[in-house]
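For reference, the structure discussed in these notes is given below.
The values are calculated or read from the model by the stated rules, or taken from the named source; none is laboratory data. Because the structure is a prediction, the values reported are computed rather than measured. Cβ sites come from the backbone with ideal geometry, for glycine too, and all protein chains shown count toward neighbours. What goes into the accessible areas is simple: the full protein's heavy atoms, side chains included, and nothing from ligands, DNA or RNA. Shrake-Rupley method; radii C 1.70, N 1.55, O 1.52, S 1.80 Å.
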Amino acid sequence: MATAGKVIKCKAAVAWEPNKPLVIEEIEVAPPEANEIRIKVVATGVCHTDLYHMFEGMHKDGFPVVLGHEGAGIVESTGPGVTEFQVGDTVIPLFISQCRECRFCKSPKTNQCEKGWVADSYDVMSAAESRFTCKGKKLLQFMGTSTFSEYTVVNQIAVAKIDPAAPLDKVCLLGCGVCTGFGAAVNTAKVEPGSTCAVFGLGAVGLAAVMGCHNAGAKKIIAIDINPDKFEKAKVFGATDFVNPKDHNKPISEVLAEMTNGGVDFSLECVGSVAVMRSALESCIKGWGVSVIVGWTDMYDFAAKPIQLIAGRTWKGSVFGGFKSKDGVPEMVKAYLNKKVKLDEFVTHNMTLAQVNDAIELMKHGKCIRTVLSVSQQ
Ligand SMILES: NC(=O)c1ccc[n+]([C@@H]2O[C@H](COP(=O)([O-])OP(=O)(O)OC[C@H]3O[C@@H](n4cnc5c(N)ncnc54)[C@H](O)[C@@H]3O)[C@@H](O)[C@H]2O)c1
Ligand SMILES: [Zn+2]
Ligand SMILES: [Zn+2]
């Protein structure tokens with residue numbers, strides 16, 4: 001390609017500081033270095049974790065930054081030492097890497113590769129290094145990916161090659177939200193056939209968890225949200241019962257205990273609130289109940305009574321649904337193409353990168369499940 005080896009000037013949505021609208025700027029994207037790939041981003045979803053960084057976490061060292069971590073695109077050029085990818089490959093950048101060599105990658109128990117951004121920077125949510133500049137300043141690459149940019153550079157250990165037949169404006173959702181929720185149910189909770197489940201929070205992550213419970217054969221799936229507009233969509237993904245905590249004047253765990261003869265077998269927290277995490281734990285049954293934390297926050301400590309765990313409940317957390325990313329994402333793409341998992345139903349809005357602030361507003365006000373932004377022409 002004519003651009004290989006050269007700096008590319010392109011459009012990106014820059015978050016100069018927390019709590020302010022993003023600004024579409026012309027940025028410079030350096031060529032890929034050793035073992036890196038430069039990707040033309042075609043489509044990206046907007047996930048709540050982008051909003052968390054902007055409006056909730058607001059870590060001062062995490063700006064200026066290019067957000068976005070749920071994208072799909074095409075390889076524009078490759079750096080020295082890259083053999084696994086060719087120009088023109090269809091790919092999904094990964095916010096959690098899979099180097100296949102570290103002790104975590106070698107263990108079947110976890111997807112926490114120690115080579116990725118995640119290894120040392122949960123608060124800043126970016127590595128110190130970046131291939132982006134704008135107006136003479138370095139821009140951070142959010143979660144190592146930065147998909148709110150026409151081009152991005154990612155290490156090859158954090159890229160999945162996918163079936164070129166896959167529609168990128170749908171499979172981009174497998175870069176975060178859908179794998180996260182689905183995998184939390186299937187891989188982390190290990191939902192069993194015939195079981196009873198509760199999912200707290202019905203954004204894309206929670207709805208994907210509902211779909212995971214359904215695909216795993218759960219017989220009762222209770223969908224919980226304070227926004228009742230979400231219930232109709234939850235039914236599409238397999239929810240059987242619907243609870244709005246605002247309709248009850250007792251703790252939600254008591255409501256669920258009454259509905260399920262003592263509590264659910266599996267509960268999944270997909271909100272990012274420490275109070276909801278506690279409710280989700282208390283909603284599962286003593287003896288064998290498993291509660292999984294999926295919602296993202298490191299701002300507050302949580303609390304629970306030790307007896308909850310002493311009595312036999314298990315409390316777990318899940319990043320990216322426990323999927324080993326490079327292996328899991330292409331398999332999920334295949335599952336979508338074979339109609340084993342749904343993706344189209346998550347997309348409630350389509351916009352362009354220039355409309356990213358409108359997409360953020362929709363999510364802030366609970367008016368969308370996922371907005372997919374078209375970033376470049378394929
Ligand atoms: N662990 C991971 O790897 C990972 C990956 C992606 C996203 N996340 C996190 O998952 C969470 C959900 O993301 P999303 O994109 O689906 O967000 P979203 O904003 O689309 O959905 C959140 C939902 O929670 C509901 N909610 C809010 N307060 C509630 C309450 N008290 N009880 C019940 N429901 C409540 C909202 O009405 C909304 O429907 C966020 O915290 C996000 O940061 C985690
Ligand atoms: Zn996300
Ligand atoms: Zn690794």
Going by average Cβ density within 10 Å per residue, which order do the peptides 140-153, 229-242 take, highest to lowest?
140-153, 229-242
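What FRET efficiency comes out for the pair K364/T83, r = Cβ-Cβ distance, R0 = 45 Å, nearest 0.05?
Computed FRET efficiency for K364 and T83 comes out at 0.55.
What is the dipole size for the chain, taken about its Cα centre, with +1 at each Lys and Arg Cβ and -1 at each Asp and Glu Cβ, in debye to the nearest 20?
Roughly 540 debye for the chain.
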Estimated dipole of the stretch 267-378 in Debye, rounded to 20 [Cβ of Lys and Arg +1, of Asp and Glu -1, Cα centre]:
400
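Dipole of the stretch 181-318, Cα-centred, from +1 at each Lys and Arg C-beta and -1 at each Asp and Glu C-beta, to the nearest 20 debye? Display every interim value, and only then the final one.
Working: 13 positive and 13 negative charges, 47 e Å.
Around 220 debye, computed over the stretch 181-318.
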Relative to the first principal axis of the alpha-carbon coordinates of the chain, what is the inclination of helix 204-215, with its axis defined by its Cα atoms, in degrees from 0 to 90 and to the nearest 10?
60
Quick check on packing: order 186-192, 69-75, 107-113 by the mean number of other C-beta atoms within 10 Å, highest mean leading.
69-75, 186-192, 107-113
HN-Hα couplings for the stretch 252-262 via Karplus (6.51, -1.76, 1.60; θ = phi - 60°), in whole Hz with x for Gly/Pro, come out as 4, 5, 5, 4, 5, 4, 5, 6, 10, 6, x
When the label point is put 7 Å from the Cα of N35 along its Cα-to-beta-carbon vector, which residues of the stretch 53-86 have a backbone N closer than 19 Å?
77-86
Sort out for me the Cα centre separation of the stretch 53-130 from the stretch 172-229, rounded to whole Å.
24
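Just to confirm a number: summing +1 for Lys and Arg and -1 for Asp and Glu over residues other than A4 whose beta-carbon lies under 9 angstrom from that of A4, what do you get? Numbers along the way, then the final one.
Numbers: positive: K6, R38; negative: E76.
The answer is +1.
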Could you tell me what percent of the accessible area of the stretch 181-318 is made up of carbon and sulfur, with a 1.4 Å probe and every protein chain present?
54
Per residue, accessible area of the stretch 181-318 with a 1.4 Å probe, heavy atoms of protein chains only, in Å², comes to 44
Rounded if a/c is under 1.5, else prolate if a/b beats b/c, else oblate: with a ≥ b ≥ c from the C-alpha gyration tensor eigenvalues square-rooted, which is the chain?
prolate
